[in-house]
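Peer 1: Before we start, here is the structure in question, set down as structure tokens.
Rule-based calculations on the coordinates, nothing more; no lab input. Just so we're clear, the structure is a prediction, and the values are computed from it rather than from any experiment. Reconstructed Cβ throughout: ideal geometry from the backbone, glycine too, with neighbour counts over all protein chains shown.
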Amino acid sequence: MQKHTFTIALFLSCLGLVGLAQYNWLDQYILTVIMFMGINIILSSSLNIINGYMGEFACGHAGFMCVGAYVSSVLSVAIFAKDKVFGAPMLPPDLAWIGFPAIILAGALVAALTGLIVALPSFKTRGDYLAIITIAANYMVISAIENMDIIGGPRGFQGMKRVINSMYDVADIPWMLIWIIIGTLFSIFLIRRFVTSTYGKGIIAISQDEVAAEIMSINTNKMKISAFMLSAGLAGLAGGLFAHVYGYVNPQSFSIMKSTECMVMVYLGGMGSLSGSVLSAIIFTVLIEALRFIIPEVDSLMHSIGILPDSYEISQVWKWVIIPMILFFLMQFRPEGIFGNRELPDSFPKLRKFYSFK
Amino acid sequence: MPLLEIKNMTQRFGGLQAVSDFNISIEEGQLLALIGPNGAGKTTVFNLTSGFYQPTEGTIFFDGKPTAGLKPHQVTAMGIARTFQNIRLWHDMTVLDNIRISQHYRMGYNIFDAFLRTKRYREQERSIDNTAWEMLEAMSLKEYAYERPKNLPYGLQRRVEIARAMSIRPKLLLLDEPAAGLNSADVEGLIKLIRWIHTEFDITIWMIEHQMKVVMSLCEHIKVIDFGSTIADGTPEEIQANPVVIKAYLGDDTI
Amino acid sequence: METLLQGFLQYIINSLQWGSFYALIAVGYTLVYGVLLLINFAHGDIFMVGAYIAFFISSMLITYLGGMAGGWTLVALAVPLTMLLTACVGVTLERVAYRPLRRKGAHRLYVVITALMCGLILENGNLALLGASRKKFPEMVDTIVLSIGGASITNLKLLVIFAAVAVFLFLHWIVTKTKLGMAMRAVSFDKFAVPLMGIPLNTVIVFTFILGSGFAGLAGLLFAMSYPILEPYMGALIGWKAFIAAVVGGIGDIRGAFIGGFLLAFIEIGVASVLPSSFRDLFAFSILLVILWIKPTGLFGVAKTTKI
């Protein structure tokens, strides 16, 4: 029983969260932050498969997110909503809540297939050259979508709110929060099971010595395909959820900048540490939101004590100076990240008693 | 039928002929050595045998089947395991994981089994685990199971690397300079270990070695190459007396 | 027929001009990579900083010397000043960010991440300090349109192309004839041999950063003169593209940076002339991907053989 404490606690807290949202005890703003936290957890832990466990340097994670976001958005609008381009809904909108997981998974699947753009060159190419391929893939995805006028091109695509609203018509529960909790747990579950199996540990062997891995009977090409597709697929899943939380997607929101955010989270948490990725995604989301409030405070404080000239105002842009600065100092003084390649119970062995998540 | 048969194997890198017209036929159960001065092309022969390079010319038959066009992991799965001149363990994983992961060749499950933890997955993992522990026990490495190789002394790292290769349950074990970097006490241990593996697991061993002590006390047959070509072939006593070999090692100039 | 030829000539001129920008930036990536095996992800932003430095210097020159000296004299003054100051930025980055990591013997990846973060700090720091308003670069020289075989070329375009060719020849001279340049090539082969030649390793590295950042500054100045609107994110996209050009040419090779830069420009402008310009990135990146697929180490890159 004790071994399941962790699982039960996790389950109960998720249930509690949904309950709080249901009875409006949680501010809409806090709810949104929590949802982004979930999406960031998926993003950072899925990128950790490649950049952490496999030791590659992929910088185009947002590209796959973009594919997932668009595919699932278009599908959900085409199937469950009345739209100018796609006409009447193909299925009654009442069924949206049943079809939604399938739609998100379809987006993830297409994203996983897009992952092949990077996976196939990775057979021959490693390191810096592979980094360039991932960047190119990111740009290609965005550019391709900007050139598809039917789904809005550079103007973006919307209509997903209508699908979500038709879920609310069926039952008045916090649908998106529920989907995000399920998606996050599902992703962590898959990654966890992948990297703890002897099969999945093959990618750790590749990162430590690829030649030895190939000669010790690991099919390195197959492992790379699995890793890239899993990582890209989960990024697509995160993208699909992201699109439905916002109700609007725009190709530019999946630019290299977004990919960089994902990388910041991975390296902040520690390469090859799943608990690190989860924790750093939480810290990162909270930090971004906290800075939103802290920066104006600092601004008014500095103006009131007269350090700053009146003409200058500390703007929100400083957020993106402070965050890279944090990672900069992290690399100087604790480059392995918060957890290194260890997991939570490695650092706190007492936790093992409550934990059989393997 | 010989276990390994290499016929007229030649390997060229650009203009350099690293191995030329190499022939060998290894019978099951043999323990033999490949020696030669530095840069003679010994490791290249091993790289070709293990599928890391494809030979420019010639054929390699293992167990009666050609290995041409196979990737290294496929060649390994056929039953050829090897160690490396400079130890290439996965240094940031435990010794146990090193040995577990090398059993990828008989991974009887796929990624979805891993996700769903199916019966097949559990059975395979258990069997992999058992093999790993058996191997650790047999190689008396059990107490180091949860250590990381980078924290172990050099001699033990060698032993782990041999254990890792043996966990593949190979028919042929290639050892690339197993005694390199060991002190004399470790070398004694290594000789015992190799002899023990050879009889206990009843496998064929082919090694590259510089230390004559190791070669002479272990091998029944020695092949000498220089500049990619075979210059001598025979029992240890014959090789020691062979003037061509002495010349290759000591150079032409007689003082 | 005549117009077709004209169009083709115009295409070549435009591509050469764009290619020159790419090449001047790409060479910075390549030089640093050749010596440190480090992708200096901040380099695109050093180009941006160079453009801003050029902006301040030019404005100052025009204010103080505007009446006394002609336009070209001002440019002749602005070029070395901009290059010098941008080189200082590059070297500062090296000293503050990369060298401490190198001294600790940190993993290469950590240095790359640091570089990426430095780029972000430069970009957003600039935006935060100078504000979001775009800067209009002052006009120093009058644009003269020349006509060659029906195709038009401005004196500025000529200057840009000339600068790229000059930089190439200069660099070629540096790495083949000077002791420091030869040491740069030697470092990439063997880090430990260079101190034996009597040149401290850090001198070589600083010299490399001076060269790379200096040329990025030059590119910034020329770019600002040709397209006189400055904004903090101007270095990001062009930087990524120049990096890709360097990789396609074979990173670490000076010829490769120039060939890659020109190749990228020819592809981009070629695509934009037959398809809507929004397809430019898609096609340019796809073609480059195919090149890398066929030749994974780039056009001039040498494959590193794995030794076991």
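Peer 1: Taking neighbour Cβ counts within 10 Å as the exposure measure, how do C:102, B:100, C:134 sort from fewest upward?
Peer 2: Details: C:102 17, B:100 22, C:134 13.
Listed from fewest to most nearby Cβ atoms, that is C:134, C:102, B:100.
Peer 1: Here's something else I'd like to know. Evaluate 2.2 N^0.38 Å with N set to the residue count of region A:224-277, then give the Cα radius of gyration divided by it. Before the final figure, lay out the partial values.
Peer 2: Numbers: Rg = 12.6 Å, N = 54, 2.2 N^0.38 = 10.0 Å.
My calculation over the Cα atoms of region A:224-277 gives 1.26.
Peer 1: Another one. Strictly over 32 Å apart at the Cα level, which of B:42/C:177; A:224/A:258; A:201/B:171; C:157/C:177; A:84/C:241 would you flag in this model?
Peer 2: Values: B:42/C:177 40 Å; A:224/A:258 23 Å; A:201/B:171 25 Å; C:157/C:177 30 Å; A:84/C:241 37 Å.
B:42/C:177; A:84/C:241, as the Cα separations exceed 32 Å there.
Peer 1: So what is the calculated 222 nm ellipticity per residue for chain A, using -39500 (n - 2.57) for each DSSP H run with n of 4 or more, over all residues, to the nearest 500 deg cm²/dmol? Mind showing how you got there, number by number?
Peer 2: Details: 15 runs with 239 residues, N = 358.
Per the formula, -22000 deg cm²/dmol.
Peer 1: Per the Kirkwood definition applied to all pairs of different Cα atoms, how many angstroms is the hydrodynamic radius of chain B? Provide the component values of the computation, followed by the final result.
Peer 2: Numbers: mean 1/r = 0.0518 Å⁻¹.
After inverting the mean inverse Cα-Cα distance, the result is 19.3 Å.
Peer 1: With Rg and the Kirkwood Rh both taken from Cα atoms, where does Rg over Rh land for region C:118-268?
Peer 2: Across region C:118-268, the Cα-based Rg/Rh ratio is 1.02.
Peer 1: Helix-derived [θ] at 222 nm for chain B: sum -39500 (n - 2.57) over DSSP H runs of at least 4, divide by residue count, nearest 500? Present the calculation step by step, with values, prior to reporting the outcome.
Peer 2: Working: 10 runs with 99 residues, N = 255.
About -11500 deg cm²/dmol.
Peer 1: Considering Cα pairs under 8 angstrom that are at least six residues apart, work out the relative contact order of region A:16-256 and quote it in whole percent. Walk me through the numbers before you get to the answer.
Peer 2: Values: 379 pairs, mean separation 96.4, N = 241.
RCO, region A:16-256: 40 percent.
Peer 1: Do any of A:222/C:295; B:7/B:150; B:192/C:104 go past 30 Å between their Cα atoms, and which? Kindly include the intermediate steps, with their values, before the conclusion.
Peer 2: Values: A:222/C:295 22 Å; B:7/B:150 39 Å; B:192/C:104 42 Å.
Checking Cα-Cα distances, B:7/B:150; B:192/C:104 exceed 30 Å.
Peer 1: Now, a different point. Using amide H atoms built in the peptide plane, which far-off residues or other-chain residues are under 5 Å from residue A:148 H to H?
Peer 2: Counting only residues 5 or more places away or on other chains, the set is A:153.
Peer 1: Toward the positive end of the charge dipole of chain C, about the Cα centre and with charges on Cβ (Lys, Arg +1; Asp, Glu -1), which of C:82, C:263, C:183 goes farthest?
Peer 2: C:183
Peer 1: What Kirkwood radius, in Å to one decimal, follows from the Cα pairs of region A:145-282?
Peer 2: Here the Kirkwood hydrodynamic radius works out to 17.5 Å.
Peer 1: Then there is this: Could you calculate, for region C:15-233, the ratio of the Cα radius of gyration to the Kirkwood radius, expressed as Rg to Rh?
Peer 2: Rounded to two decimals, Rg/Rh equals 1.00.
Peer 1: Still on this model: For every other residue with a beta carbon closer than 14 angstrom to the beta carbon of residue C:224, add +1 if it is Lys or Arg and -1 if Asp or Glu, then tell me the sum.
Peer 2: +1
Peer 1: I need the phi-derived Karplus couplings for region C:233-246: 6.51 cos²θ - 1.76 cosθ + 1.60, θ = phi - 60°, integer Hz, Gly and Pro marked x.
Peer 2: Listing the rounded values in order: 9, 4, x, 5, 5, 5, x, 4, 5, 5, 4, 4, 4, 4 Hz.
Peer 1: Once you put a point 7 Å from the Cα of residue A:308 and another 7 Å from the Cα of residue C:12, both along the Cβ direction, what distance in nm separates them?
Peer 2: 5.5
Peer 1: Follow-up question, since we're still on this one. Give, as ranges by residue number, the residues of region A:151-182 whose backbone N falls under 11 Å from the point 7 Å along Cα→Cβ of residue A:83.
Peer 2: A:151-152, A:157-163
Peer 1: Related question: Which order results if A:210, B:188, B:220 are arranged by neighbouring Cβ count within 10 Å, fewest first?
Peer 2: Starting with the residue having the fewest Cβ neighbours, the order is B:220, B:188, A:210.
Peer 1: Please order B:144, C:22, A:248 by the number of other Cβ within 10 Å, starting at the fewest. Kindly include the intermediate steps, with their values, before the conclusion.
Peer 2: Details: B:144 20, C:22 29, A:248 16.
Going from least to most buried by this count: A:248, B:144, C:22.
Peer 1: If you don't mind, another one. Output wanted: per-residue J couplings in Hz (rounded whole) for region B:106-114, from phi through Karplus 6.51 cos²θ - 1.76 cosθ + 1.60, θ = phi - 60°, x for Gly and Pro.
Peer 2: Taking θ as phi minus 60°, the curve returns 10, 5, x, 9, 10, 4, 6, 4, 5 Hz for region B:106-114.
Peer 1: Work out the length of the dipole vector of chain A about its Cα centre, built from +1 on the beta-carbon of each Lys and Arg and -1 on the beta-carbon of each Asp and Glu, and round it to the nearest 20 debye.
Peer 2: Computed about the Cα centre, the dipole is about 1000 debye.
Peer 1: Against the empirical 2.2 N^0.38 Å scaling, what ratio does the C-alpha Rg of region A:16-256 come to? Before the final figure, lay out the partial values.
Peer 2: Details: Rg = 18.7 Å, N = 241, 2.2 N^0.38 = 17.7 Å.
Its radius of gyration relative to the 2.2 N^0.38 Å reference: 1.06.
Peer 1: For chain C, what does the helix formula give at 222 nm: sum of -39500 (n - 2.57) over DSSP H segments with n ≥ 4, over the residue count, nearest 500 deg cm²/dmol? Can you show the working numbers first?
Peer 2: Details: 12 runs with 226 residues, N = 308.
So the calculated ellipticity at 222 nm is -25000 deg cm²/dmol.
Peer 1: Nearest 20 debye, what's the magnitude of the dipole of the protein assembly as shown about its Cα centre given +1 on Lys and Arg Cβ and -1 on Asp and Glu Cβ?
Peer 2: The dipole magnitude comes to about 620 debye.
Peer 1: Hydropathy first: keep DSSP H helices in chain A averaging at least 1.6 on Kyte-Doolittle, then drop any whose Cα extent along the axis falls short of 24 Å, and list what survives.
Peer 2: Qualifying helices: A:5-22, A:61-80, A:96-114, A:175-196.
Peer 1: Here is a further query. Sticking to Cα atoms, compute the Rg of region A:195-252 to one decimal and its Dmax as the biggest Cα-Cα distance, whole number, in Å.
Peer 2: When restricted to the Cα atoms of region A:195-252, Rg and Dmax are 16.1, 49 Å.
Peer 1: Quick one: dipole size for region C:122-202, taken about the Cα centre, charges +1 on Lys/Arg Cβ and -1 on Asp/Glu Cβ, in debye to the nearest 20.
Peer 2: Working: 8 positive and 4 negative charges, 28 e Å.
In total the dipole reaches around 140 debye.
Peer 1: Compute the semi-axes of the equivalent ellipsoid of region C:1-78, taking the square root of 5 times each eigenvalue of the Cα gyration tensor, and list them largest first in whole Å.
Peer 2: 29, 27, 9
Peer 1: Give the Kirkwood hydrodynamic radius (Å, one decimal) of region A:38-153, defined as one over the mean of 1/r across all pairs of different Cα atoms.
Peer 2: Details: mean 1/r = 0.0643 Å⁻¹.
Evaluated over region A:38-153, this radius sits at 15.5 Å.
Peer 1: May I pose another question? Quick check on the protein assembly as shown: what are the equivalent-ellipsoid semi-axes from the Cα gyration tensor, as sqrt(5λ), descending, whole Å?
Peer 2: With the √(5λ) rule applied to the protein assembly as shown, the semi-axes are 51, 40, 26 Å.
Peer 1: Could you estimate the translational diffusion coefficient of region C:45-172 from the Stokes-Einstein equation, with Rh from the Kirkwood formula over C-alpha pairs, at 37 °C and 0.692 mPa s, in whole µm²/s?
Peer 2: Roughly 188 µm²/s, to the nearest whole number.
Peer 1: Could I have the simple spin-label model distance between residue B:17 and residue C:3, label points 7 Å from Cα toward Cβ, reported in nm to one decimal?
Peer 2: For the pair residue B:17/residue C:3, the computed spacing is 6.5 nm.
Peer 1: Moving on to the next point. Counting Lys +1, Arg +1, Asp -1, Glu -1, what net charge surrounds residue B:46 among other residues with beta carbon under 11 Å of its beta carbon?
Peer 2: For residues surrounding residue B:46, the net value is 0.
Peer 1: Using 5 Å bins from zero, what percent of all Cα-Cα pairs in region A:88-216 falls into each bin?
Peer 2: Histogramming region A:88-216 at 5 Å steps yields 2, 8, 11, 14, 16, 16, 12, 9, 7, 4, 2, 0 percent.
Peer 1: Output wanted: per-residue J couplings in Hz (rounded whole) for region C:133-138, from phi through Karplus 6.51 cos²θ - 1.76 cosθ + 1.60, θ = phi - 60°, x for Gly and Pro.
Peer 2: 5, 7, 9, 9, 6, x
Peer 1: List the aspartates and glutamates whose alpha-carbon lies under 15 Å from that of residue C:135, not counting same-chain residues fewer than 8 positions away?
Peer 2: Candidates past the 8-residue exclusion: C:123, C:231.
Peer 1: Residues of region A:308-322 with amide nitrogen under 18 Å from the 7 Å Cα-to-Cβ point of residue A:257?
Peer 2: Those under the cut-off are A:315-322.
Peer 1: Continuing with the same structure: Taking H as built 1.01 Å from N, whose amide H comes closer than 5 Å to the amide H of residue B:27, not counting residues under 5 places away?
Peer 2: B:3
Peer 1: Rank A:24, A:76, A:218 by how far each Cα sits towards the positive end of the charge dipole of region A:16-256 (+1 on Lys, Arg Cβ; -1 on Asp, Glu Cβ) and give me just the farthest.
Peer 2: Positive-most Cα among the choices belongs to A:218.
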